[in-house]
């Protein structure tokens, strides 16, 4: 069935309030300013060279789930950027609502379509550009906008106040000392080998992940630290709302914190989009060619710990398990082999998904989509039935997903489609099955 | 760090503590040590077992012990501070004496330049502010961050939340809920965001980067915002001579330096941050990127010719004649930059250049192959350490105090400038 | 008609080749300038190694995920593009014109083969047209521009085919064929056909990002 974005309008307080402030003239003025200031050769080339072949349709999990052509990557561009350019920005407020709904909630910026387009057109970039326009117009979904506000006010995505952060680390240290009396979460240690960085959902909701990481690092005997100041969170929803200025400020604080602590590198928890923010997005906005301090994702760090023998497994996690490849560290950083080596080292039996590695389907939560909150929850669950089929076909009951957003997205899909699977972080399994010599 | 003539400046090495991890009380472990500015004391938090902590100074424990003790820092005048907790309440302890008042949380101890004033951040019953030498702000706020203590210690400031915000209430946030509080009292003006407040010495005037809407960045001084709007801005600085406020700002994708009358450095940089004045205000330096991925230092708007992937730790001498920074590539291959020239040494880590206020000479603590050492004017001192502390020049600049731990021993070395021969 | 023919093979031919060459260079140059001015950060990640690596994989039939998942389109696209270049360049009657005008010549395709390849192009055009009409995901994004470009290519080859087989008025068809071909040349720098110019750069850029920065394959 063929629909258009107009047929699936969703009410959202942020979007409604945003368009209520607009007129076509205001819209045109803003869009022309954004295009003049930021629209360069990439946008121009992509729009011009696209031959409208439709090959990219099958790349997109939304299309594969709905089989509705209006969800194809190129169709998203047609319903947004092409129209904007065709009308030189003179479009209606309602049209901007549609643009926002497509760009924020029907595209995860997963970049799978680049594996389908012979011309290498980066649809994720075009959707990011549409988001930038929507941000400049003040038309952003309420919940993700609130997260961007939190970033600006606290330098983390969940309104965690300065003291709450330290308090949480102290609390987790205390908890973990019941299990390993000598355990420390070393704060503000200048010259440590690495700074461990987590995203705000960890101190807010998933404190056991901090506990587990601390336990693993203490058991491994590594020289690490965590900051006791803002700059600890490298997650970045401002990057996804299109607020590049706040995006830059967050990562400036993050890198400056690591530089202040004189660490050799930053090791980060199992998050995908935060890696994207510091690896090839915000660092560029700040003028750095690459990240000024190397950032190592947990997948790679666990791989190092296992390969160097710093941690050993007492047993393997009973399998079989399957592996979900998070876009931002697989298509975004090529960690697919290391991820497999880690999983094979800690689990009994792996059943691969099809397709996998760089070709894996997105969880449909990433790119800020899950952060758009309840109004759009169904969009990303129904829009990823293909993922449910993919998971189901493995026939296994455990899925390893080394990414926070993937957990959120897959969890909803598993429930909705009754897949009866459990989701695990690598850290969950390593903590559960490792040798715990330091434990009391 | 200002050196004192009264310290022991007799050239030579002295082992202050045979075992840097020692603690005379029975203990489970000691934590990362801190050295006093004069080098005569080494302090560390010690875990006494049973969930009790204290602080050891030259292996001697404080008389008091705590449920928690951490963030051990020496003030520039040599007093030793720790953030401590007892009965679930937090405060700052100075040389073993806890401040009278304690709070639901206390953290982030800071010092005035001479160390005479000690301040920290506090949270009491969910309200936030600062405490200065044991006296908390009279007014606490729903939230506060970006805490600052003026260099002369006379005033404190922070970005404070002055209006309540419901869950996911994006409209109220965008109308503005933040201000800047000086000594606890907020400006009348309210903004969407307030970042990086700066306080002028003596006068206590405060300036901060503000966001008036999601798109409109500017600078406010004592609550009054500049008319001009920019696409982005970093934290402001006060001209030490005439009180003018300047800040790096972004316009049409490029960064420059602006005051309330507009640009003083044309927006010609891909990036521009960490501006710093000399004491007389005649020299203004900042870290800049003349082109993408290429960073250097600009002095009075003129960038040095040598560029590097990353530049950090900008320092300007009081007389403005010496400007130093460090460069790195992928957080390795650290180089030291002084007045546009590059020292020959390449290091695994550098800890920020230290400029002698008297002579303008530059010394840096560096690390190579796991050993830390000191380099002055590009030449290394022969001694190396497992872990060291930043160098301090003697008041006349003829000697440098080196402090570090090698093996188990904590040593203090007074090295004449001529001893740097490497 | 003779005058028109003379115009087509004379001044218009010069014009068409001129516009094609100069227009293409101008477009490439202006796009490069724009990239340097506004996308300098991104341009700096382009490397020969990873650009060519990506282009290489995408030049191999079924060498990428996109090609593998669209087998019919892949076969037709390859045949179409190969013929699109082979036929005009190596057709005997075209080489004869080079010879007449400039006195140089080179090996030609056997006429029978060239004829077959021409048919292949026309069939490919029909296939593309069928896709645009029948496949919802293609129809959804198809505009008049896409039809014009397709019609232009089809007209050029079909008039050539008819002229060669002497179907209809030979002079009229030949003239039409030349005019269509010239229109196509002129259209290359200024229409969707410009993917011939920019496609390698967009692929090379994304190949560089995937290869040099993201360390993942993009095929």
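The values are calculated or read from the model by the stated rules, or taken from the named source; none is laboratory data. These numbers come from a predicted model, not from an experiment. Cβ: placed from backbone, ideal geometry, glycine included. Neighbour counts: every protein chain shown.
Okay, here's what the table says:
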| read-out | value |
| --- | --- |
| Any helices (runs of 4 or more DSSP H) falling wholly within the stretch C:90-194 and containing at least 2 residues that are under 30 Å from residue A:44 (Cβ atoms) | C:111-134, C:136-139, C:144-164, C:170-187 |
| Every residue from the stretch B:33-58 that is in a loop (DSSP other than H, G, I, E, B) and in contact (Cβ under 8 Å) with a residue 40 or more places away in the chain | B:33, B:36, B:37, B:38, B:39, B:40, B:58 |
| Some residue of the stretch B:94-103 being within 13 Å of chain A (Cβ to nearest Cβ) and surrounded by fewer than 18 Cβ atoms within 10 Å (Cβ to Cβ) | no |
| Scan of the stretch B:240-280 for residues that are within 14 Å of another protein chain (Cβ to nearest Cβ) and closer than 18 Å to residue B:313 by Cα, ordered by number | B:247, B:248, B:271, B:272, B:273, B:274 |
| Selection count where residues are facing chain A (nearest Cβ under 10 Å) and either out of contact with any strand residue (DSSP E or B) (no Cβ under 7 Å at 6 or more places or on another chain) or in contact (Cβ under 8 Å) with a residue 40 or more places away in the chain (or both), scope the stretch B:281-291 | 1 |
| Selected residue [modelled with pLDDT of 95 or more, within 9 Å of another protein chain (Cβ to nearest Cβ), surrounded by fewer than 23 Cβ atoms within 10 Å (Cβ to Cβ) and touching a strand residue (DSSP E or B) at 6+ places or on another chain (Cβ under 7 Å)] from A:161, A:136 | A:161 |
| Breaking point among (1) at pLDDT 95 or above; (2) surrounded by 14 or more Cβ atoms within 10 Å (Cβ to Cβ); (3) in a helix (DSSP H, G or I), for residue C:45 | (3) |
| Test set (1) surrounded by fewer than 22 Cβ atoms within 10 Å (Cβ to Cβ); (2) under 26 Å from residue C:210 (Cβ atoms); (3) under 22 Å from the mean Cα position of the chain (by Cα) - residue A:378 fails condition number | (2) |
| Any strands (runs of 3 or more DSSP E) falling wholly within the stretch B:305-422 and containing at least 2 residues that are within 14 Å of chain A (Cβ to nearest Cβ) and under 26 Å from residue B:74 (Cα atoms) | B:310-316, B:323-329, B:362-368, B:371-376, B:387-393, B:399-406 |
| Hits in the stretch A:54-95 - residues which are at the interface with chain C (Cβ under 7 Å from one of its Cβ atoms) and not in a helix (DSSP H, G or I) | A:54, A:72 |
| In the stretch C:10-29, the residues that are over 21 Å from the mean Cα position of the chain (by Cα) and part of a helix (DSSP H, G or I) | C:11 |
| Condition check for residue A:276: within 14 Å of chain B (Cβ to nearest Cβ) and assigned to a helix (DSSP H, G or I) | no |
| Qualifying residue in the stretch A:259-266 (condition: over 30 Å from residue B:106 (Cβ atoms), surrounded by fewer than 24 Cβ atoms within 10 Å (Cβ to Cβ) and either in contact with a strand residue (DSSP E or B) (Cβ under 8 Å, 6 or more places away or on another chain) or not assigned by TED's automatic domain parsing to the domain that holds residue A:129 (or both)) | yes |
| Residue check for residue A:15: assigned to a helix (DSSP H, G or I) and within 29 Å of residue C:29 (Cα to Cα) | no |
| Scope the stretch C:1-29; condition within 14 Å of another protein chain (Cβ to nearest Cβ) and touching a helix residue (DSSP H, G or I) at 6+ places or on another chain (Cβ under 9 Å); matching residues | C:23, C:24, C:27, C:28 |
| Out of A:20, A:36, A:13, A:41, sole residue that is more than 9 Å from chain C (Cβ to nearest Cβ) and free of Cβ contacts under 8 Å to residues at least 24 places away in the same chain | A:36 |
| Among (1) outside any loop (DSSP other than H, G, I, E, B); (2) farther than 29 Å from residue A:360 by Cβ; (3) touching a residue at least 60 places away in the same chain (Cβ under 8 Å), the one test that residue A:48 misses | (3) |
| Options A:255, A:275, A:302: the member that is touching a residue at least 60 places away in the same chain (Cβ under 8 Å) and buried (at least 22 other Cβ atoms within 10 Å of the Cβ) | A:302 |
| Matching option when the condition is away from every other protein chain (no Cβ under 12 Å) and buried (at least 22 other Cβ atoms within 10 Å of the Cβ), among B:150, B:158 | B:150 |
| Top-ranked residue in the stretch B:176-196 [being assigned to a strand (DSSP E or B) and within 14 Å of chain A (Cβ to nearest Cβ); ranked as farthest from the chain's Cα centre (by Cα)] | B:191 |
| Counted residues, the stretch C:48-75 - those being touching a helix residue (DSSP H, G or I) at 6+ places or on another chain (Cβ under 7 Å), within 11 Å of chain A (Cβ to nearest Cβ) and surrounded by 15 or more Cβ atoms within 10 Å (Cβ to Cβ) | 12 |
| Of all residues making up the stretch B:169-189, the number that are surrounded by fewer than 19 Cβ atoms within 10 Å (Cβ to Cβ) and within 19 Å of residue A:146 (Cβ to Cβ) | 5 |
| Count of the stretch B:231-253 residues which are more than 20 Å from residue B:113 (Cα to Cα) and surrounded by fewer than 16 Cβ atoms within 10 Å (Cβ to Cβ) | 3 |
